[in-house]
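The values are calculated or read from the model by the stated rules, or taken from the named source; none is laboratory data. Keep in mind that what you see is a predicted model, and the values were worked out from it rather than measured. Virtual Cβ from ideal backbone geometry, glycine too; neighbours counted across all protein chains shown. Heavy atoms of the whole protein, side chains included, go into the accessibility calculation; ligands, DNA and RNA do not. Shrake-Rupley method; radii C 1.70, N 1.55, O 1.52, S 1.80 Å.
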Amino acid sequence: MTPALNRRDFLATTASAAALAATAGAGTSRAAATFAKNALPAGPQARVTLGKTGIETSLIGMGSGTVGGGQSSNQTKLGVKGFTKVVRHALDHGVTLFDVADQYGSHVYLREALKGVPREKYQIQTKTHATDAVTARDHLQRYRLELGVDYIDILLLHCMTKTGWDHEHTGAMEALMQAKEEKLIRAHGTSCHGMDPLRTSAKLPFVEVDLARINPEGLIMDDKKPDEVASVLEEMHTAGKGVIGMKILGEGRITEPAKIDASLRFVLGLGTVDAYIIGFQSTDQVDDILKRTEAAIGALKA
């Protein structure tokens, strides 16, 4: 297994993007035998491990940024009481991964929803738009206060859209690696929008977890090429990166039952997506996705 990249290693290798890519390539070949495709999960409440991070979470996570932006989302529009009802229902049914972001305004909602729940019973993934070290550190400090936690499980660089995004985010990457050394976060990585940034994330040792858009219809995917995205996700998985899928239902645009089922089968059948996020907006939707996930797993095993 490739040893974890520490901050000193990163600074030594970021003399050029080529050096980083070379380091990643070597790591991929060493990890290939270890990270074969995932077996199908036992069921919708299965526990999974995100690549070589050692972070164990639920197969299904709850998102909080459906049509998010401007400090608002469909989830936060439920209000604290409504948001809490969905979170607690999800938690009671085995969903322990919660995806939030500063942009969604969902940190304080999740804090209130999880009050009294032991910290080891759930995992938090959030995101920062920071490019420099000072801003990244400031964000991390504020996020921990807003979430009411001592540490954050996964902190991602939010919405990478450009080729060569790594050149613009060197300071932030350094800060997040330092935060991991200080045990303020457990893993760092990216959320990607577009093929070129996704390919960059596949090559960089900094990316331990990637949040990637994937569904068979190419909805809300700038690249609109599910098979091509799937090939990059396989590269990530083989290298030992944790892969978390998003936009599984096309940000709510996939509504026909048959198409929902087809999307779940597609994502689960890849064997490279460790977990996936659904933007639940009701307790009924939680129950429905759990039931459909169970059926999708059964169909794939048949």
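Summary of computed values
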| quantity | calculated |
| --- | --- |
| Summed side-chain charge close to Thr190 - residues other than Thr190 whose Cβ falls under 11 Å, Lys, Arg +1, Asp, Glu -1 | -1 |
| DSSP bridge orientation in the chain - percent antiparallel, rounded to nearest 5 | 10 percent |
| Stretchable slack from Val80 to Asp287, in nm (0.36 nm times residue separation minus alpha-carbon distance) | 72.5 nm |
| Surface accessible to a 1.4 Å probe, per residue, for the residues of segment 148-197, Å² | 35 Å² |
| With every protein chain in place, the chain: carbon and sulfur % of accessible area (1.4 Å) | 51 percent |
| Per-residue ³J(HN,Hα) for segment 294-301, Karplus 6.51 cos²θ - 1.76 cosθ + 1.60, θ = phi - 60°, Hz, x for Gly and Pro | 4, 5, 5, 5, x, 5, 6, 7 |
| Solvent exposure ordering (accessible area, 1.4 Å, most first) of Asp102, Asp284 | Asp284, Asp102 |
| Residues of type lysines that Lys225 reaches as a straight line, Cα spacing below 19 Å, ignoring anything fewer than 8 places off in the same chain | Lys162, Lys247, Lys259 |
| Sequence-distant residues sharing a close amide H with Thr272 (under 5 Å, placed H) | Asn38 |
| Electrostatic dipole magnitude of the chain [Cβ: Lys, Arg +1; Asp, Glu -1; Cα centre; debye, to 20] | 420 debye |
| In Hz, Karplus ³J(HN,Hα) per residue of segment 287-292 (6.51, -1.76, 1.60; θ = phi - 60°; x = Gly, Pro) | 4, 5, 5, 4, 5, 5 |
| Correct choice for Rg and Dmax of the Cα atoms in Å that was computed from the model, options (i) 19.8, 59; (ii) 17.9, 52; (iii) 18.8, 53 | (ii) |
| Dipole magnitude of segment 107-189 about its Cα centre (Cβ charges: Lys, Arg +1; Asp, Glu -1), debye to nearest 20 | 340 debye |
